[in-house]
Each structure stands twice: as structure tokens, then as C-alpha cells.
Amino acid sequence: MTNGPVPPQPLPVVARAPGKCIVFGEHAVVHGAPELAFALDLHTQVAVRPGASFSLNADPRAAEEHPYFRTALALRWSGGGPLEVRSTSRIPRGAGLGSSAAFCAALVAALGAAQGGVERSAIAQASYDVEKGAQGVGSPGDTTTVVAGGFVTVNGPGDTALWTIRGSERDWEVRRVVDPGWTWVVCHSGIPRATGDAVRSVTQRLRSPDGPALLADFARVATEGIHAVRASDRAGVAAAMHRNQELLRTVGVSHPRIEALLDAAAPEAEGAKLTGAGAGGSVVVLPKPGQETDLVRRLARAGGLPFVVVPAVEGVQLVSEPVP
Ligand code: MEV
């Protein structure tokens with residue numbers, strides 16, 4: 001587990017960060033409720049070298065037009081000269097699996113290494129600042145998970161404190177949770193979605209008269225789910241996943257394709273729900289032990305893009321050689 005700083009390294013620098021999968025608490029975390037997420041063993045890699053002008057994947061317009069790239073340069077690169085940046089990723093985009101958080105974290109880590117090294121807590125804060133600056137809304141759940149690796153809670157119970165992320169309206173406490181060692185299945189619906197739009201629509205929904213009660217339900221379900229993960233209680237986790245999905249449906253971020261995938265998963269699933277912003281995106285399933293392959297087949301027949309995932313132990317890190 002890498003909880004240490006990213007060391008100094010002169011350019012060129014290559015960094016990579018994992019994706020993420022939220023098990024409990026998406027959306028509600030934006031409003032201060034607990035979340036549990038783990039880092040995914042799919043990565044985004046960012047290579048940074050001096051260039052004749054700023055570019056991302058050979059596109060010079062990105063320094064003005066790519067919101068995450070532009071914001072990262074503005075917040076984290078202090079006059080060291082133009083940079084040529086290349087980014088490659090195995091994390092499907094728009095799938096709710098943390099592709100933008102991984103890009104932010106890998107770029108922030110690489111820029112930090114080139115400027116004398118950087119503490120991991122500072123990478124977590126800066127990655128959130130970049131993502132929030134580019135997206136306009138959101139919590140630090142995604143960025144903090146891909147910086148920390150493993151399982152983490154935001155504003156929830158945990159084993160050890162990692163760091164506090166400061167926001168304009170609230171702070172978030174981040175804690176490490178021990179990986180229960182289970183295999184999970186994630187399935188992309190193929191329906192892309194925009195996180196910012198989904199966050200804004202749930203925020204609106206939570207402003208209605210039953211909003212506070214709904215938010216309290218989100219918080220209670222996530223807390224119960226986190227306790228169940230820490231106790232390796234699969235039945236408790238499954239029950240909390242189902243209740244979390246009901247709440248996500250109530251606030252309007254499920255989708256017919258998501259519901260079809262959840263129905264398809266049911267015979268082989270202990271627990272299942274959407275993961276990430278919803279309104280498309282992906283589902284996460286806790287499969288019945290030994291039924292992972294049948295589950296993957298069933299989800300593929302239902303038209304999804306399923307894969308078995310093992311949580312990634314390491315968070316963002318430098319790589320000496322480019323990783324394919
Ligand atoms: C998106 O992956 C998770 C949300 O809770 C938004 C956020 O926390 O920034 C929907």
C-alpha cells in the first residue's frame with residue numbers, strides 16, 4: 001500500500017492512477033454523507049515531458065479547451081516551461097469508473113514530482129481542486145480513492161485516518177478501510193453520462209421537502225454498509241447495496257439499461273447497484289461466490305460490458321517505464 005509521498009523526479013515523468021468503484025454513497029457524499037469506494041485495477045497513465053508548446057496527446061488546443069488539463073496547468077504548474085503530455089487509459093470514459101479522477105491524479109502527481117516531490121495528501125487535495133474546478137460540482141470521493149488506492153471511506157467510519165479534504169462549503173474526512181478480499185463484477189451499460197448534470201439534478205431533488213429525510217436515509221444505509229464491509233458480512237453488504245439502489249432510483253439517477261442489467265445480474269448476485277453518477281454508466285455486483293463467470297456471461301448477453309475486478313492496492317504512483 002503506497003501512502004507515502006511522490007518523490008522528486010526531473011522530466012520526463014510518467015505517473016499512473018487507478019480507476020474507482022463506489023460501493024455506497026455516491027451523490028449523497030456531495031452533501032456530506034458517508035461514501036465507500038475502492039480503487040479499480042484499470043489505470044490511466046500520463047507521461048509528461050518538456051515540449052515546444054503545451055499539448056495533450058499532440059493537441060495544442062487542449063491547453064485552452066480540455067477542462068481538466070487546462071485547470072491542472074493553471075493550479076499545479078508554476079512557470080516551468082511548456083509541456084508535452086500524453087495520456088492513455090484502460091478506464092472506459094463516461095462509465096462512472098473514475099477516468100477523469102485518474103487523469104487528474106496522475107497529472108497532478110507527475111507535475112508534483114517534476115517540481116520537487118509532493119505529499120500524497122497534497123495530491124489528493126490538488127486532484128480534487130482540479131476536478132472540481134473543471135466540473136463545477138462534486139465531492140473529493142473519486143479523486144481521493146484513486147490517490148489512496150485500496151478501500152476508503154469519505155465522512156464514514158474507517159480503520160485509520162488518511163487526510164482531510166478542504167472544500168468551499170465543507171470538509172471531508174478520508175479513512176482507510178481494510179479490503180475484505182472479495183471479487184466484484186463491474187458492468188458498463190454503454191450509456192455515457194455527464195457527472196456534472198447528474199450531480200446538479202440530484203442536488204435539486206434533495207432540495208425538495210423530503211430531501212433531508214432522503215439524505216438521512218442515504219447516510220444510514222452507507223454507514224450500515226461500511227460496517228458490514230468491515231465485518232466481512234456479505235449478507236449485510238448485499239442488503240445495503242439493494243437499499244442504496246432504491247434510494248438512487250428515488251432521486252432519479254437510475255436508467256432503464258441500468259435496471260435491465262440489475263435484473264440480468266439477479267440470479268448470480270448477492271448485492272447489486274449502479275455505481276458512480278448513474279443516469280447510464282455502470283453497475284457494481286457482489287457475485288455469489290464461484291458464480292463470477294456465469295454472471296459475466298449473463299451480463300454480456302444482456303448487452304453490457306462486464307468485467308471481473310480486483311481492487312487495486314496501490315493508488316497513484318510514478319512509473320519508471322511506460323505501462324501498456
Ligand atoms: C461520481 O463518480 C460520484 C458522485 O457522487 C459525484 C461526486 O462525488 O463528485 C455522483
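The values are calculated or read from the model by the stated rules, or taken from the named source; none is laboratory data. Computed from a prediction, not measured in an experiment: that's the story for all the values here. Note that each Cβ is placed from the backbone with ideal geometry, even for glycine, and that neighbours are counted across all protein chains shown.
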> From the residues in the stretch 201-214 that are surrounded by 12 or more Cβ atoms within 10 Å (Cβ to Cβ) and farther than 15 Å from Gly32 by Cα, which one is nearest to the ligand (Cβ to nearest atom)?
Replying inline: Ser201
>> Just the residues that are buried (at least 24 other Cβ atoms within 10 Å of the Cβ), more than 8 Å from the ligand (Cβ to nearest atom) and either outside any strand (DSSP E or B) or of a type in the set (Val, Ile, Thr) (or both), please, taken from the stretch 20-32.
In response: Val23
> Looking only at the stretch 215-232, which residues are surrounded by 16 or more Cβ atoms within 10 Å (Cβ to Cβ) and not aliphatic (A, V, I, L, M)?
Replying inline: Asp217, Phe218, Thr223, Glu224, Gly225, Arg230
>> For the stretch 289-304: of the residues being more than 24 Å from the chain's Cα centre (by Cα) and not in a helix (DSSP H, G or I), which is nearest to Ala238 (Cα to Cα)?
In response: Pro289
> Out of all the residues in the stretch 259-268, is one or more within 21 Å of Ala222 (Cα to Cα), away from the ligand (no atom under 13 Å from the Cβ) and crowded, with 17+ Cβ neighbours inside 10 Å?
Replying inline: yes
> Scanning for something among the polar types (S, T, N, Q), modelled with pLDDT under 95 and touching a Ser or Thr at 6+ places or on another chain (Cβ under 7 Å), does the stretch 118-139 turn up at least one residue?
Replying inline: yes
> Of all the helices (runs of 4 or more DSSP H) wholly in the stretch 68-180, which have at least 2 residues that are within 19 Å of the chain's Cα centre (by Cα), more than 16 Å from the ligand (Cβ to nearest atom) and closer than 21 Å to Ser320 by Cβ?
Replying inline: 99-114, 120-135
> Would you pick out the residues in the stretch 33-61 that are away from the ligand (no atom under 15 Å from the Cβ), out of contact with any Asp or Glu (no Cβ under 9 Å at 6 or more places or on another chain) and touching a residue at least 12 places away in the same chain (Cβ under 8 Å)?
Replying inline: Asp41, His43, Gln45, Val46, Asn57
> Which residues, taken from the stretch 204-231, are more than 17 Å from Val30 (Cβ to Cβ), outside any helix (DSSP H, G or I) and charged (D, E, K, R)?
Replying inline: Asp210
>> Name the residue that is farthest from Pro306 (Cα to Cα), counting only residues in the stretch 91-122 that are charged (D, E, K, R) and surrounded by fewer than 18 Cβ atoms within 10 Å (Cβ to Cβ).
In response: Glu119
